[in-house]
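The values are calculated or read from the model by the stated rules, or taken from the named source; none is laboratory data. Everything numeric here is computed off the predicted structure, so don't read it as measured data. Here Cβ is always computed from backbone atoms with ideal geometry, including for glycine, and neighbour counts include all displayed protein chains.
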Amino acid sequence: MVITILSILAILLSIPLIIPGKIDQEVTRIINAQIDGEIKFENSNISFFTQFPSLTINLNGVSLKGSAPFRQQELLLAKRLSFGLNIPSLWSKQIRIDEIYADHAKVNVMVDEKGNANYNIYKPTGNTAASDSTSSGTALKIEAIYLLNSEISYKDESIPFELKAQNLNYQGKGDFSKDIFDLKSQLTADHIDIYYNHVPYLLHKKLNAKLLTKINTNSLELQFNENNLIINSLPISFIGKFAFLKDGYDLNFKTRAKETDLANIFSALPPAMAEQFSRTKITGYAEISASLTGQYIAATQQMPSATFNLKIRDGYIENPKVPVPVTKLSLNLQTRLPDLNMDRLFIDMDSLYFNMGKDYVAAVFKLDGLKEPVLKTDTRTDIDLEKWSKAFNIEGLDLKGRLVMNLKADGKFSKKVVRSGIRKVDTVWSTVPKFSLSSRFSNGYLKFTALPAAIEKISFNITGKNTDGLYQNTMLCVNDLTLEALSSYIKGDFQ
């Protein structure tokens, strides 16, 4: 047994010595022949033990710059870039490279405001140099790619969008030599950050993913057929398509978190919100679905459309700052944002309900558009606002008082142009939703952290109605209004 093991080790150690010494130079020449740029490295070696049991050519201290207009910035830095050799092919006419390993790599993908990307480094198909390299005795027939303990930065200023991943490990397997192939991937990352429009939406989140992707190298299209992710504790599945266009992207993504614990959703919230709920007990059942479909073309400002839906049942939120928990939390929410245009925002919240002891909130709310919105709501509440704001960790605001309200509204806000005289033109509201309102507020207190003083002793009774939708027929009565701020106060009634 010992002799057998020693014999195997001797073979493993001797193979790199009997392989022609120019093989690492051949690999470098092949790569540089197929990219619009130059890969540089400090030194190289051939070993069985770097990525055992694969025999690999190892390029140490690797750097690769991006394509124009990013030729001075690094696209790839790696402690070691290894190419796995197909051992039987060493004794054939053509040596085959079938694996790529990037160890402690930094991948830096950049897209400028005009949509120019730094990853367009591959030479067009049919390039003479590239063709010669594949017929020179060495062939690239990649079947697996590995990223080990690496970092990825993706920054697209045309959207703007930014993604950062640290301590990332990736394994992707497929026949990369085919024009169309399936790529099976496993990915873990200890640290994921996502920014949209320079606002953080995910910070310091863990990611675990299993992906099945169909790749078409001719059309530069990716089809995500079976994909499961875990963001912190939130399990998500998604399918979709992503295609590179000449001046943008074609997107069709659908994602869903089905039958998950409500606490899992809070674990994946944007950082500013997640920190607020870190010491809060949360239970219940939830479902999330979302989509992003359409083309993104930076030059014409064409944007995809988005949807987001959320369902919550039997929600329970217990904050140690509040003696009474939120119970019986229920929500049905559907939203649409065509062309990512806020003026076309659509919200359908057909139910929101929760209790805090004897206090309650019950609401239905529908909104279509923002410029001239169509609104429908039926809202009833009797609640202590101090308990509510503490339970939901409303930061930057100290709010107290009891609010009793009953509001029903249905209709459209619309505008019209009114001319008075020869030159004066005004735009005024012409219609408002029909509504009825009764509201009572007592023992109120309002203090914004950014302001030096509070508004205190707030109280009022409000009644209002509009029966025909005409703006001029709106009636609003405010009785018993009082409030104090610093040494000033307001008391009165008006309508």
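In this entry, Thr213 is excluded by the filter for residues that are among the β-branched types (Val, Ile, Thr) and surrounded by fewer than 17 Cβ atoms within 10 Å (Cβ to Cβ). Only strands (runs of 3 or more DSSP E) whose full extent lies in the range 37-112 are considered here, and the ones with at least 2 residues that are at pLDDT 80 or above and of a type in the set (Gly, Ala, Ser) are 54-65, 74-85, 95-111. In the range 153-161, is there at least one residue being within 15 Å of Val107 (Cβ to Cβ), crowded, with 18+ Cβ neighbours inside 10 Å and at pLDDT below 95? Yes. Restricted to the range 174-200, and to residues there that are more than 16 Å from Leu211 (Cα to Cα) and β-branched (Val, Ile, Thr), the residue that is surrounded by the fewest Cβ atoms within 10 Å (Cβ to Cβ) is Val199. Please find, within the range 436-453, the residue that is modelled with the lowest pLDDT out of those that are aliphatic (A, V, I, L, M) and within 14 Å of Ala485 (Cα to Cα). Top of the filtered list is Leu451.
Regarding Ala263, is this residue in a helix (DSSP H, G or I), out of contact with any helix residue (DSSP H, G or I) (no Cβ under 9 Å at 6 or more places or on another chain) and either in contact (Cβ under 8 Å) with a residue 12 or more places away in the chain or more than 30 Å from Phe354 (Cβ to Cβ) (or both)? Spelling it out, Ala263 is indeed in a helix (DSSP H, G or I), out of contact with any helix residue (DSSP H, G or I) (no Cβ under 9 Å at 6 or more places or on another chain) and either in contact (Cβ under 8 Å) with a residue 12 or more places away in the chain or more than 30 Å from Phe354 (Cβ to Cβ) (or both). Among the residues of the range 407-424, is there at least one that is closer than 30 Å to Thr280 by Cα, without any contact (Cβ under 8 Å) to a residue 40 or more places away in the chain and surrounded by 15 or more Cβ atoms within 10 Å (Cβ to Cβ)? Within the range 407-424 (the criterion being closer than 30 Å to Thr280 by Cα, without any contact (Cβ under 8 Å) to a residue 40 or more places away in the chain and surrounded by 15 or more Cβ atoms within 10 Å (Cβ to Cβ)), the answer is no, since none of the residues qualifies.
Being modelled with pLDDT under 90 and touching a helix residue (DSSP H, G or I) at 6+ places or on another chain (Cβ under 9 Å) narrows it down to one residue among Ala268, Ala272; which is it?
Of Ala268, Ala272, the one residue that is modelled with pLDDT under 90 and touching a helix residue (DSSP H, G or I) at 6+ places or on another chain (Cβ under 9 Å) is Ala268.
Got at least one residue in the range 328-343 being more than 30 Å from Lys412 (Cα to Cα), surrounded by fewer than 18 Cβ atoms within 10 Å (Cβ to Cβ) and not β-branched (Val, Ile, Thr)? There is at least one residue in the range 328-343 that is more than 30 Å from Lys412 (Cα to Cα), surrounded by fewer than 18 Cβ atoms within 10 Å (Cβ to Cβ) and not β-branched (Val, Ile, Thr).
Put simply, of Thr335, Thr307 the only residue that is part of a strand (DSSP E or B), polar (S, T, N, Q), under 22 Å from the mean Cα position of the chain (by Cα) and more than 30 Å from Asp112 (Cβ to Cβ) is Thr335.
In this structure, Gly396 does satisfy being farther than 26 Å from Ala290 by Cα, of a type outside the set (Phe, Trp, Tyr) and within 26 Å of the chain's Cα centre (by Cα).
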